[in-house]
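The values are calculated or read from the model by the stated rules, or taken from the named source; none is laboratory data. The structure displayed is predicted, hence computed values, not measured ones. Backbone-built Cβ (ideal geometry, glycine too); neighbour counts: all protein chains shown. Only protein heavy atoms, including side chains, enter the accessible area calculation; ligands, DNA and RNA are left aside. Shrake-Rupley method; radii C 1.70, N 1.55, O 1.52, S 1.80 Å.
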Amino acid sequence: VSSSKAETLLPTGKTAYDTYPTWLKFHVGINRYELYPRQDPLLPTLLRDLATQRIVSSGTTSLPPLSTPLPHCLLPASLIAMCLLSVQKSGGTQLKLIMTFPNYGQALFKPMKQTRDQETPIDFFYFSDFERHNAEIAAFHLDRILDFRRIPPVSGRLVNITKEIRDITTDKKLAKTFFISPAGNVCFYGECSYYCSTEHALCGKPDQLEGSMAALLPDKTLAKRRSWRSPWRRSYHKSKKAEWELNPNYCAGVRETPPYDRGHRLLDLIDMTILDFLMGNMDRHHYETFEKFGNDTFLLHLDNGRGFGTHTRDELSILAPLQQCCSIKKSTYLRLQLLATQPYRLSDLLREALATDPLAPILAEPHLRALDRRLGKVLVMVGHCLAG
């Protein structure tokens with residue numbers, strides 16, 4: 001845990017930590033076990049900042065480094081460092097922007113691509129689906145209700161395309177993609193691997209656009225992250241299957257492979273599997289950890305935009321790690337049992353949490369009902385493991 005709060009008092013009677021903006025306090029509080037504590041007093045303020053702070057810059061990259069460094073950020077040893085560095089967020093399969101605020105905080109903006117009630121067509125492959133801004137918002141709250149706290153805070157926000165993106169962007173490539181549609185709406189499409197063309201343009205009404213604003217993690221030059229390929233990664237091929245889909249004893253090999261051969265890494269991955277199943281996310285090919293904390297640390301649950309795409313189907317293959325390994329954390333199992341009881345029903349808790357978001361309602365009711373149904377299937381699967 002950061003030692004910043006133990007600093008000597010300033011002449012004002014405050015510590016240096018007290019003077020930090022909320023996003024910086026969030027960075028400082030990241031530790032080996034979680035992104036933020038269960039009862040985090042900073043969370044409401046951070047979510048409000050994401051939804052209301054004035055946007056001073058937008059684009060696929062952040063502002064250039066400050067000439068005078070600020071005391072902050074997650075760093076080795078003390079978790080406190082000096083500097084605010086630029087963050088590259090280019091590429092990716094779909095468009096996302098980095099928004100910068102006056103207090104130097106930054107957020108990842110994913111714009112709305114479809115309405116709440118649009119389901120993924122049944123003939124779509126998981127890797128060709130749209131990302132959803134409301135899925136990012138709902139995933140954050142679901143992760144928190146499950147007591148994982150491994151997704152950075154996310155808030156919905158209504159953005160003015162003209163004033164808060166087009167007129168202030170420093171990204172020349174992005175600036176070239178703005179146009180006025182035949183209906184008189186302001187549109188843009190940016191640059192990305194897929195869905196960045198005039199046919200897939202993002203248009204306002206006439207220039208108001210919904211999106212999710214996720215708090216950025218500390219810059220990778222300060223808090224290095226390691227990317228891990230999931231052992232249960234899908235083939236991302238239209239006809240080929242992955243090994244785990246063909247070998248029912250696949251988990252035995254995983255258990256003998258580092259880092260899954262010791263510690264709680266495999267159980268953490270099964271936690272992530274349960275989160276993905278509940279929201280129907282089939283697109284979890286990699287995950288990340290903070291290098292500083294080694295192998296005995298939590299997994300970051302990032303990029304959840306392909307969740308909540310359908311409420312009529314439950315993709316049981318997402319639960320393959322749980323089914324094949326028949327392992328689950330006791331704390332997770334007890335939490336799931338609690339969320340299946342009437343006073344703490346998962347759908348009710350998530351509905352209540354999402355009601356506070358500026359873009360509420362975030363999920364259509366059928367998606368909330370699907371959560372309870374899927375939770376029941378997880379508990380049945382664990383029951384079969386216990387009985388076996």
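Considering each of TYR333, TYR287 in turn, give the residue that is outside the structural domain of ASP129 (by the TED database), open to solvent by 40 Å² or more (accessible area, probe 1.4 Å) and in contact with a helix residue (DSSP H, G or I) (Cβ under 8 Å, 6 or more places away or on another chain).
Working: TYR287 fails: open to solvent by 40 Å² or more (accessible area, probe 1.4 Å).
None of the others qualify; the one that does is TYR333.
Residue by residue, here is whether (1) within 21 Å of the chain's Cα centre (by Cα); (2) in contact (Cβ under 8 Å) with a residue 12 or more places away in the chain; (3) within 23 Å of ARG374 (Cα to Cα) holds:
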| residue | (1), (2), (3) |
| --- | --- |
| SER212 | yes, yes, no |
| LEU222 | yes, yes, no |
| TRP244 | no, yes, yes |
| ASN247 | no, no, no |
| GLU288 | yes, yes, no |
| GLY294 | no, no, no |
| ASP303 | yes, yes, yes |
Reported set for segment 167-196 where residues are touching a Phe, Trp or Tyr at 6+ places or on another chain (Cβ under 6 Å) and either surrounded by fewer than 18 Cβ atoms within 10 Å (Cβ to Cβ) or in contact (Cβ under 8 Å) with a residue 60 or more places away in the chain (or both) is CYS196
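Out of curiosity, is THR312 under 30 Å from THR257 (Cα atoms) and of a type outside the set (Lys, Arg)?
On the way: under 30 Å from THR257 (Cα atoms): no; of a type outside the set (Lys, Arg): yes.
Judged against the criteria, THR312 is not a match.
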Return the pairs, sorted by first residue and then second, in which the second residue is open to solvent by 20 Å² or more (accessible area, probe 1.4 Å) and modelled with pLDDT under 95, the first residue lies in segment 252-267 and is of a type in the set (Gly, Ala, Ser), the beta carbons are less than 7 Å apart, and the residues are 6+ apart or on different chains. GLY263/ASN295; GLY263/ASP296
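Does LYS240 satisfy the criteria of being outside any helix (DSSP H, G or I), in the same structural domain as ILE328 (by the TED database) and either touching a residue at least 60 places away in the same chain (Cβ under 8 Å) or over 15 Å from LEU142 (Cβ atoms) (or both)? Spell out how you get there, then give the answer.
Values: outside any helix (DSSP H, G or I): yes; in the same structural domain as ILE328 (by the TED database): yes; either touching a residue at least 60 places away in the same chain (Cβ under 8 Å) or over 15 Å from LEU142 (Cβ atoms) (or both): yes.
Considered against the rule, which asks whether it is outside any helix (DSSP H, G or I), in the same structural domain as ILE328 (by the TED database) and either touching a residue at least 60 places away in the same chain (Cβ under 8 Å) or over 15 Å from LEU142 (Cβ atoms) (or both), LYS240 comes out as yes.
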Output the residues belonging to segment 127-143 that are assigned to a helix (DSSP H, G or I) and surrounded by fewer than 21 Cβ atoms within 10 Å (Cβ to Cβ). PHE127, SER128
Evaluation of ARG229 against (1) modelled with pLDDT of 95 or more; (2) touching a Cys at 6+ places or on another chain (Cβ under 7 Å) (one fails), failing number: (2)
Considering segment 27-56 alone, what residues qualify as being surrounded by fewer than 16 Cβ atoms within 10 Å (Cβ to Cβ) and aromatic (Phe, Trp, Tyr)? TYR33
Could you list, in sequence order, all residues of segment 301-330 that are hydroxyl-bearing (Ser, Thr, Tyr), open to solvent by less than 80 Å² (accessible area, probe 1.4 Å) and not in a helix (DSSP H, G or I)? THR310, SER327
